[in-house]
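Student: Sharing a structure, written as structure tokens. Questions coming.
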Amino acid sequence: MKKIKQNLSIETLNNSTQQADICLLLEGSYPFIQGGVSSWVHQLIEGHPNYQFSIIFLGADRENYSKIRYQLPSNVCHFEVHYLNESLELDTPSPRHIDKKLVNALIKIYEDIKGTGRVPNIDKLSSHCSLLLNDLNINDFFYSEEAWNLIEDIYNETCPEQAFNEFFWAIRAMYSPLLSLIKISKHIPDAKCYHTISTGYAGVLGMFLQQQKKRPLILTEHGIYTKERQLDLYQADWIKEINREYCAGLDDRTSALRQLWIVYFEILGRLTYSACSYTITLYEQNRQKQIELGANPSNAIVIHNGVKYTHYRKLISRRSQEIPQVVCLLGRVVPIKDIKTFIYSIDELCKILPEAEGWIVGPEDEDEGYAKECHELVSQLKLEKKVKFLGFQKIDDILPKIGLIILSSISEAQPLVILEGFSAGVPAISTDVGFSRGMIEGKNAEDKALGMAGAVVPIANPKALATAAASLLKDKKRWYAAQKTGIQRVERLYRESLFLESYQELYQKVIKDGRNRV
């Protein structure tokens with residue numbers, strides 16, 4: 001019998017009679033966020049009914065994850081939600097002290113985090129983390145004289161020009177989630193294998209669990225978390241710096257705090273990679289990035305996404321003979337999808353094809369401010385009759401009615417929506433992000449011989465997007481050739497059965513190897 005238990009920082013769905021085969025460690029995604037990685041996680045669980053899954057979800061704050069968007073499959077036997085900003089319950093402040101060996105471990109961790117241009121010794125760093133995992137009292141860290149002195153020393157060494165108050169809270173913000181994860185890790189039920197879907201905090205939790213329980217850890221990265229956080233931190237306005245407008249770059253003295261954050265997330269990535277039996281990503285370029293960031297080349301593999309090809313293939317019979325003059329962006333209305341570039345492209349497209357329309361199909365509640373700006377842009381451009389916000393829709397109802405799938409994103413990994421569209425006979429136009437080019441143009445010589453299944457354009461270029469779309473929609477022969485190529489490409493390389501079989505074999509291997517080691 002499944003039951004739900006709640007308190008301030010954790011919600012639990014638990015079937016105590018079932019031990020999980022695979023424990024998924026998820027950060028900021030499934031089951032609270034729709035699309036992308038969440039769709040992939042749901043597909044993975046449903047596609048392996050022979051395994052029992054547990055889910056550990058990590059988020060920052062409760063208010064960002066108010067509604068579960070997926071019905072948990074019947075083979076989910078355990079579900080926990082942890083909010084890192086709520087997980088530390090500290091005692092009343094009082095004088096405390098930390099053992100000298102723990103102070104030394106904290107110093108060693110800092111020396112690697114501060115970023116000296118060298119690659120840290122991950123084995124030693126991992127052993128320091130293990131020491132904290134087993135022996136550190138969280139209250140001692142926050143209230144001890146030794147911790148305060150350490151923070152003062154770091155401040156004086158790295159950025160004394162910074163306001164100490166800002167620096168103090170930055171250091172606390174770095175250590176607090178790690179200490180929360182130590183606490184969380186000690187109460188997570190056992191599983192035969194742990195599977196994290198990112199580095200970062202979920203990855204570090206995986207490292208802690210691997211160290212404590214001596215069970216295998218595997219990692220699947222869609223985008224490269226370390227690189228994504230680096231881009232976020234370049235632009236973060238919550239990092240206060242002195243005279244930032246005069247900074248020449250990240251090595252400038254006034255950028256010391258920003259540099260500290262960037263190296264911090266790189267270290268979290270390296271720690272995760274070091275603990276993994278396998279690191280998986282979706283295409284070869286990302287595999288090379290993982291290796292550059294610390295993954296073991298011999299254990300770094302590629303497993304492509306896959307889609308329900310036979311299901312979507314049936315939708316072709318619902319298409320009209322004429323090519324619909326409708327281009328559709330299927331995705332969340334958020335900045336990373338660059339909805340504004342799509343809107344501008346429709347303005348350009350209608351100058352070439354006056355009958356064309358642009359549909360935006362996806363939820364608008366993740367970033368309501370940005371969604372409002374997108375609606376206002378449509379009004380400013382007087383495109384109310386040309387650009388339609390349709391909200392969340394069943395993809396089966398949309399695909400037969402459109403002529404092209406459009407991705408205007410500034411970042412993607414291997415977007416499933418392209419493969420779903422191909423299977424249903426819809427070519428794609430995408431910005432040159434992630435593996436979009438490989439799916440549209442082909443990933444190798446044999447694959448490229450099939451032809452083009454659409455077109456690839458530069459990021460943030462509405463005119464190029466419109467020109468490519470118009471070129472396909474106006475040329476029936478070329479459109480049908482692209483349709484045929486997309487169908488063939490998915491059938492050969494990206495069927496769901498291939499994706500699921502690859503993970504079935506991987507799970508079997510790591511569980512067997514883990515059992516043999518215990």
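The values are calculated or read from the model by the stated rules, or taken from the named source; none is laboratory data. Predicted, not measured: the structure shown is a model, and the values here were computed from it. Neighbour counts run over all protein chains shown; Cβ positions are idealised from the backbone, glycine included.
Student: Can you say whether A455 is modelled with pLDDT of 95 or more and small (G, A, S), as far as the supplied structure shows?
Tutor: Considered against the rule, which asks whether it is modelled with pLDDT of 95 or more and small (G, A, S), A455 comes out as yes.
Student: Which of the residues belonging to the stretch 162-195 are assigned to a helix (DSSP H, G or I) and of a type in the set (S, T, N, Q)? Spell out how you get there, then give the answer.
Tutor: At the first step, the residues of the stretch 162-195 found to be assigned to a helix (DSSP H, G or I) are 164-185.
N165, S176, S180, S185, listed by residue number.
Student: Ok, one more. Scanning the stretch 211-227 for residues that are among the polar types (S, T, N, Q) and surrounded by fewer than 24 Cβ atoms within 10 Å (Cβ to Cβ), which turns out modelled with the highest pLDDT?
Tutor: Checked the stretch 211-227; the qualifying residue modelled with the highest pLDDT is T220.
Student: Right, another one. Within the stretch 285-313, track down each residue that is out of contact with any strand residue (DSSP E or B) (no Cβ under 6 Å at 6 or more places or on another chain), farther than 20 Å from L217 by Cβ and surrounded by 14 or more Cβ atoms within 10 Å (Cβ to Cβ).
Tutor: Of everything in the stretch 285-313, those that are out of contact with any strand residue (DSSP E or B) (no Cβ under 6 Å at 6 or more places or on another chain), farther than 20 Å from L217 by Cβ and surrounded by 14 or more Cβ atoms within 10 Å (Cβ to Cβ) turn out to be Q285, Q288, H304, N305, V307, K308, Y312, R313.
Student: Being of a type in the set (S, T, N, Q), outside the structural domain of R69 (by TED's automatic domain parsing) and under 20 Å from A453 (Cβ atoms) is the requirement here; does S379 meet it?
Tutor: Judged against the criteria, S379 is not a match.
A quick yes/no check of all residues on (1) modelled with pLDDT of 95 or more; (2) charged (D, E, K, R); (3) within 30 Å of E63 (Cβ to Cβ):
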site	(1), (2), (3)
P363	no, no, yes
V378	yes, no, yes
L383	yes, no, no
F392	no, no, yes
S409	yes, no, yes
L419	yes, no, no
G425	yes, no, no
M439	yes, no, no
A464	yes, no, no
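Student: Consider S430 carefully, then state whether it is farther than 15 Å from L493 by Cβ and modelled with pLDDT under 95.
Tutor: No, not satisfied.
Student: Would you please list the contacts, defined by Cβ atoms under 9 Å and residues six or more apart or on different chains, that run from a residue in the stretch 59-70 that is under 14 Å from Y201 (Cβ atoms) to a residue that is surrounded by 10 or more Cβ atoms within 10 Å (Cβ to Cβ) and of a type in the set (S, T, N, Q)?
Tutor: Final answer for the pair search is G59/N85; A60/N85; D61/N85.
Student: For the stretch 411-518, give me every one of the helices (runs of 4 or more DSSP H) that falls completely inside it and has 3 or more residues that are free of Cβ contacts under 8 Å to residues at least 60 places away in the same chain, over 23 Å from the mean Cα position of the chain (by Cα) and within 30 Å of L24 (Cβ to Cβ).
Tutor: 496-517
Student: Tally up the residues in the stretch 353-373 that are more than 13 Å from G391 (Cβ to Cβ) and either of a type outside the set (D, E, K, R) or not assigned by TED's automatic domain parsing to the domain that holds R332 (or both), please.
Tutor: Qualifying residue count for the region: 6.
Matching residues to (1) at pLDDT 80 or above; (2) crowded, with 19+ Cβ neighbours inside 10 Å; (3) assigned to a helix (DSSP H, G or I):
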| residue | (1), (2), (3) |
| --- | --- |
| L102 | yes, yes, yes |
| D112 | no, yes, yes |
| P120 | no, yes, no |
| K124 | no, no, yes |
| L132 | no, yes, yes |
| F142 | yes, no, yes |
| W148 | yes, no, yes |
| P160 | yes, no, no |
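Student: Of the residues D447, D475, which single one is touching a helix residue (DSSP H, G or I) at 6+ places or on another chain (Cβ under 8 Å) and of a type in the set (D, E)?
Tutor: So the residue among D447, D475 that is touching a helix residue (DSSP H, G or I) at 6+ places or on another chain (Cβ under 8 Å) and of a type in the set (D, E) is D447.
Student: I98 fails exactly one of the following numbered conditions: (1) crowded, with 19+ Cβ neighbours inside 10 Å; (2) assigned to a helix (DSSP H, G or I); (3) at pLDDT 80 or above. What is the number of that condition?
Tutor: (2)
Student: Just one of Y503, Y480 is surrounded by fewer than 17 Cβ atoms within 10 Å (Cβ to Cβ) and of a type in the set (F, W, Y); which is it?
Tutor: None of the others qualify; the one that does is Y480.
Student: Quick check on this structure: which one of L26, L44 is part of a strand (DSSP E or B), out of contact with any His (no Cβ under 8 Å at 6 or more places or on another chain) and modelled with pLDDT of 95 or more?
Tutor: Unique residue meeting the criteria: L26.
Student: Identify, please: which residue in the stretch 203-222 is of a type in the set (S, T, N, Q) and closer than 18 Å to L506 by Cβ and is, among those, farthest from the chain's Cα centre (by Cα)?
Tutor: Q210
Student: Still on this structure, I have one more. Could we say that D347 is closer than 25 Å to V307 by Cβ, at pLDDT 95 or above, surrounded by fewer than 23 Cβ atoms within 10 Å (Cβ to Cβ) and not small (G, A, S) here?
Tutor: Criteria not met by D347.
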